[in-house]
1. Taking the criterion of being at positive phi, open to solvent by 10 Å² or more (accessible area, probe 1.4 Å) and more than 17 Å from the chain's Cα centre (by Cα), would at least one residue in the range 109-131 satisfy it?
2. Could you please find all residues in the range 236-262 being without any contact (Cβ under 8 Å) to a residue 40 or more places away in the chain and either open to solvent by 20 Å² or more (accessible area, probe 1.4 Å) or within 19 Å of ASP52 (Cβ to Cβ) (or both)?
3. Failed condition for ARG75, given (1) open to solvent by 10 Å² or more (accessible area, probe 1.4 Å); (2) in contact (Cβ under 8 Å) with a residue 60 or more places away in the chain, with all others met?
4. Where residues in the range 132-158 are touching a helix residue (DSSP H, G or I) at 6+ places or on another chain (Cβ under 7 Å), assigned to a loop (DSSP other than H, G, I, E, B) and open to solvent by less than 50 Å² (accessible area, probe 1.4 Å), which of them is nearest to LEU169 (Cα to Cα)?
5. Could you tell me which of the residues VAL230, VAL275 is in contact (Cβ under 8 Å) with a residue 60 or more places away in the chain and either on the phi > 0 side of the Ramachandran plot or open to solvent by less than 20 Å² (accessible area, probe 1.4 Å) (or both)?
6. Would you mind stating whether PHE101 is in a loop (DSSP other than H, G, I, E, B) and surrounded by 15 or more Cβ atoms within 10 Å (Cβ to Cβ)?
7. Which of the residues spanning the range 14-41 are small (Gly, Ala, Ser), open to solvent by less than 40 Å² (accessible area, probe 1.4 Å) and in a loop (DSSP other than H, G, I, E, B)?
8. Only residues that are assigned to a loop (DSSP other than H, G, I, E, B), over 25 Å from VAL157 (Cα atoms) and open to solvent by 30 Å² or more (accessible area, probe 1.4 Å): list them for the range 176-216, please.
Amino acid sequence: MILNAHEVMEKLNEPNVRLVDCRFALGKPDMGKIEYDRDHISSAVFFDLERDLSGSVQVHGGRHPIPDISVLKKRLEDSGISRSTTVIAYDDGHSAGAARFIWILMYLGHSNVFLLNGGYSAWKESNYPITSDIPSFNRVDFLVEINENLAASYDEVVRLTQNDSKTVLIDSRENQRYIGREEPIDKKAGHIPGAINYYWEDSFSNGYFLPREEQKKRFRQLDPNQEVIVYCGSGITAAANFMALKEAGFKRVKLYTGSFSDWISYEDNPVITDV
């Protein structure tokens with residue numbers, strides 16, 4: 001799932017390859033598009049975290065719910081992406097934008113999808129071609145086949161907190177938010193009962209995903225045969241842990257898309273603090 005810049009450059013010589021620029025900054029909704037318009041990898045299309053990869057915020061569902069599938073389907077088709085397209089996503093190298101896009105594509109049934117390790121920074125450092133030209137592609141059909149094995153519902157997480165389950169629940173936020181000492185975004189602090197903490201940024205070193213063996217060491221206290229559900233604040237950064245777990249050999253990994261912001265939208269749900 002993870003390729004270095006040289007491997008991506010080689011794949012550009014293959015037919016039916018599409019690059020997707022997913023740069024973003026939480027709290028700065030226009031930053032990714034501004035950077036893309038300035039320059040990007042040649043032939044890359046831009047997918048916006050807020051407009052393309054998230055749906056409208058409702059009472060429940062979290063701050064970045066799954067987008068309307070019919071709208072996203074059309075966006076993919078207009079970008080020349082079908083189920084037979086090799087898709088390579090990138091961001092700025094140390095965010096979860098590309099991981100979010102990859103998870104969504106896998107959720108829609110696409111399997112031939114990769115991440116550029118180190119992101120756009122790694123590409124430029126390799127002196128590979130960039131451009132400000134905005135590409136256009138012929139429309140294709142994208143067949144949606146939802147893979148429910150990749151998404152954990154709210155009800156599933158509720159059952160997990162109420163029963164002695166062997167499923168592992170991972171909170172991907174930084175430890176200070178997990179223990180409830182700090183909460184800069186959501187209206188409540190703490191974590192979902194039973195969750196353990198693996199900070200998503202520990203998936204990286206200097207903007208690069210850790211190698212497979214390092215990811216295995218990172219999750220060595222867990223059984224790779226167990227089911228794992230990952231969450232964060234709103235379902236974005238947990239996608240990095242989703243990819244890290246897959247790299248480490250975990251087969252049964254789900255993303256709770258609503259994450260903590262969905263959990264606390266139900267007033268009666270318990271929240272655990274360690275302070």
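The values are calculated or read from the model by the stated rules, or taken from the named source; none is laboratory data. What you see is a predicted model, and the numbers here were worked out from it, not measured in a lab. Neighbour counts are summed over all protein chains in view; Cβ atoms, including those assigned to glycine, are modelled from backbone coordinates with ideal geometry. To get the accessible areas, we keep the full protein, side chains included, count just its heavy atoms, and leave off ligands, DNA and RNA. Shrake-Rupley method; radii C 1.70, N 1.55, O 1.52, S 1.80 Å.
1. Yes, the range 109-131 has at least one match.
2. Result: GLY249, LYS251.
3. Status for ARG75: all satisfied but (2).
4. Here the residue is VAL144.
5. VAL230
6. For PHE101, the condition - in a loop (DSSP other than H, G, I, E, B) and surrounded by 15 or more Cβ atoms within 10 Å (Cβ to Cβ) - is not met.
7. Across the range 14-41, the qualifying residue is only ALA25.
8. Across the range 176-216, the qualifying residues are ASN206, LEU210, PRO211.
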